[in-house]
Amino acid sequence: MGDGVEDRRRREFERLFRDTRTGLLAYLLRRAGSAEEAADLLAETYLIAWRRLDAIPGGTETRPWLFGVARNLLLKGATRRRSHGVLVERLAGELRTAGAVPPPVDGEDRDRLLAALAGLPEVDREILTLSAWEDLTPSEIAGVVGTSANTVRVRLHRARARLREELGSPRLSQHHGVP
């Protein structure tokens with residue numbers, strides 16, 4: 001009878017992995033210092049998921065739970081280095097598409113964007129990037145950062161406003177998927 005339970009657990013874990021690995025790996029690649037570090041963090045995230053398989057919330061809460069585990073692993077790493085270049089370029093592109101930032105001039109807007117993001121509190125920066133880059137909803141973000149969806153909505157609104165102010169762009173309020 002034990003084999004049936006293990007088979008069920010294995011199938012459940014395989015489905016979890018298959019359904020979430022792409023998004024979770026993309027999240028880690030954007031935040032880890034290297035592809036190798038992202039792969040290590042991905043493996044560690046799924047190791048935790050395997051050990052806690054019965055405790056993982058189901059349905060729409062599964063993905064935010066995994067992102068939360070990955071985020072905690074990133075935060076715990078004393079030697080982790082963030083890879084801002086790709087993230088900043090992507091956000092700058094999205095802002096340009098929305099008409100919020102002029103086309104780059106010798107990396108000037110990239111530097112402005114990096115400075116504006118760096119000026120945000122860590123949790124606001126994380127909420128903003130989870131929304132813009134990971135396409136998570138406020139409810140999903142709440143599960144990742146461990147707060148309520150209403151708090152996320154307020155912080156997201158304030159972070160966008162602060163970023164808009166720093167960049168001097170009133171059009172950013174029409175974000176259409178851009179933070």
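Here, each number is a calculation from the coordinates, and none is a lab measurement. Since the model is a prediction, treat every value here as computed from it, not as a measurement. Cβ: placed from backbone, ideal geometry, glycine included. Neighbour counts: every protein chain shown.
Given a Förster radius of 45 Å and the C-beta distance between THR151 and ARG9 as r, what FRET efficiency does 1/(1 + (r/R0)^6) yield to the nearest 0.05?
About 0.85, to the nearest 0.05.
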ask   = What full-extension length gain, to one decimal in nm, is calculated for ALA43 and ALA161 as 0.36 nm per residue of separation minus the Cα-Cα distance?
value = 38.8 nm
inquiry  = Suppose the chain between TRP50 and THR137 were pulled fully straight at 0.36 nm per residue; how much longer would it get relative to their current alpha carbon spacing?
reply    = 28.8 nm
